[in-house]
Structures are given as C-alpha cells and as structure tokens.
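The values are calculated or read from the model by the stated rules, or taken from the named source; none is laboratory data. In this text, all values refer to a predicted model and were calculated from it rather than measured experimentally. A quick note on method: Cβ atoms are made from the backbone with ideal geometry, for glycine too, and the neighbour counts reach across all protein chains shown.
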C-alpha cells in the first residue's frame, strides 16, 4: 500500500495543509493511475483501429476441450460470431442476451417449404420420437402446430435450415411451414450460430455449455491474435481495481494507515472554526476512526458471507 512513513516530530512542525499534501501523496498517485487506466481504455479503439475493430461481432478466444463446441464442425478459435438463430450479435452484451433468450424460450423452428421436405424423401412416423434412427446428418422435426405435432419428419439438418428463417409458428413463415426440431431433453437447443466468412455452425445441447467458451469484443483486421488484446484489457482492469482499492483503503480513517493522518489534517484544517477546542476535535477524529474500522470489518464480513453463502 502507499503508506507514507515519516518522522512524526518533523511532520508536526509543518502546517496542516503541508501535512495533508504529504500524507495523501499515496492516495493521489493511485487516483492518477486509476484515471490513466480509464483514459487508456477509452482511447484504445482509436489506438487499435488499424489492427482491430469492434461492434460488428465477437471473436472466439478460447474453447475448453472436451465440450461439444470444440468438436469437428463446431466453433474454432478466432471465429467471429455475428448471430445466434438470427439474433444479431454485435457486442458481448448481445451475445449474453441472445443465449439467455434461447435458454428462457422454447426451441425455435425453421421455415421450410413443403416441396423441399417432400423432395428429401422424409420418413414420416407418428408417435416415434426416434424417427431418424440416430442418423448423424438428419434429425427429427415436427410441425409447430400442436394439432399436427405428432407427425414427425426425418430431415437433413443443415440443408433444411441453412438458409431458412427462424420462426415460432406458421404465421411467421407466410407460405412455408414452421418445423421445430425434436430434441431429447427440454433443456437442449438446436442453435444455428452465424460465423463471419464461413458456413454457420450448428450446435445441439444445453446453453450452459457456452460457459466453456471465452469470447472477446475485438475483431482482428490482420493475422494478429485477439487474445493478447483481451489479456492487456484484463491487465489494465486489474491495475484499476487494485489502485482504486488501495486508494479507498488509504483514505479511510484507519490506524497505522495514511487515512489516520489525513483525517486529522482535514478536521484540524477545515473544521477549526466549527469546533474551536482542540480536544473536541481529537474526540471527533477518534470517533471517525472507530467508524472507519467498523465499516471496514462490516464490509469484510459481508464479502465473506456473500462468497460462502
């Protein structure tokens, strides 16, 4: 911490304003560092503009191995995601909102013409939820209309849905039919993830699996990797967090820290006309220090309770 250790007798010989400047030196340095990190984050789009851009999608930075998303045909490092089931993804917030929408709502359907699924010689069965016999390239679909939902069709997933519009019912499809994928579990979803400059990625599984995918807001214009920009941003964020935390702790009136002397200088310098008796000011300072300790301890307990319970 930015603690100023000075000879007490020499310090007392200075004026209160000079003492305040010396004792708060560590606080001001940390505040300047916080301001500098904020400024660097704000101007980073201008600095990085020749190499990176943002606001047009998000970049896949890392995918944890062993998840369904890293399999062949799935997401790849440096893929730029632009939509999820036609939900536009331009920012990190869009990405979270689109996934949350898919998690909360029922499975979306796809607008398919009657001629197309008849052309594919779809196997139609009633009452059998395994109409495709575990064929990897095909999948069971049902009508969005509940009256016809028992009629299943085995259709090639990519061919039927690659250019199809997303729908909830037949009204969304005009002259086409809204067909909904039949999945093993209610928590599973079929997602068509739009990826810039290559074919869409299809994912079948739980939305929670996307917690194993790290994404970044920067899009590379060159061959430079995006992960280093994200690492720098994270490092700057840590500097801001630690510097602001140290500044706050040092300015709180705590014994043996800078705040112990800062509060004394402030009270004696600015409240002398309101509290003329020195002993009364010292009592007031002591009360403020006690309040500072109690507040810090209360915050500590609050963090522990939140973390463990």
Any idea which residue in region 221-236 is farthest from residue 197 (Cα to Cα), counting only those that are in a helix (DSSP H, G or I) and free of Cβ contacts under 8 Å to residues at least 24 places away in the same chain?
235
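Among the residues of region 42-55, which ones are exposed (fewer than 13 other Cβ atoms within 10 Å of the Cβ) and outside any helix (DSSP H, G or I)? Reasoning before the result, please.
Of the residues in region 42-55, the ones exposed (fewer than 13 other Cβ atoms within 10 Å of the Cβ) are 42-43, 46-47, 49-50, 55.
Hits for region 42-55 are 49, 50, 55.
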Inter-residue pairs, beta-carbon under 8 Å, first at positive phi and in contact (Cβ under 8 Å) with a residue 40 or more places away in the chain and in region 189-217, second in a helix (DSSP H, G or I) and surrounded by fewer than 14 Cβ atoms within 10 Å (Cβ to Cβ), 6+ apart
205/68
Name the strands (runs of 3 or more DSSP E) wholly within region 135-220 that hold at least 3 residues that are closer than 30 Å to residue 48 by Cα and at pLDDT below 85?
none
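When region 1-41 is examined, which residues are found to be assigned to a loop (DSSP other than H, G, I, E, B) and either at pLDDT 80 or above or surrounded by fewer than 16 Cβ atoms within 10 Å (Cβ to Cβ) (or both)? Even if it seems obvious, please write down each step before you answer.
Taking region 1-41 and keeping what is assigned to a loop (DSSP other than H, G, I, E, B), we get 1-7, 13-15, 24.
Those that are assigned to a loop (DSSP other than H, G, I, E, B) and either at pLDDT 80 or above or surrounded by fewer than 16 Cβ atoms within 10 Å (Cβ to Cβ) (or both): 1, 3, 5, 6, 7, 13, 14, 15, 24.
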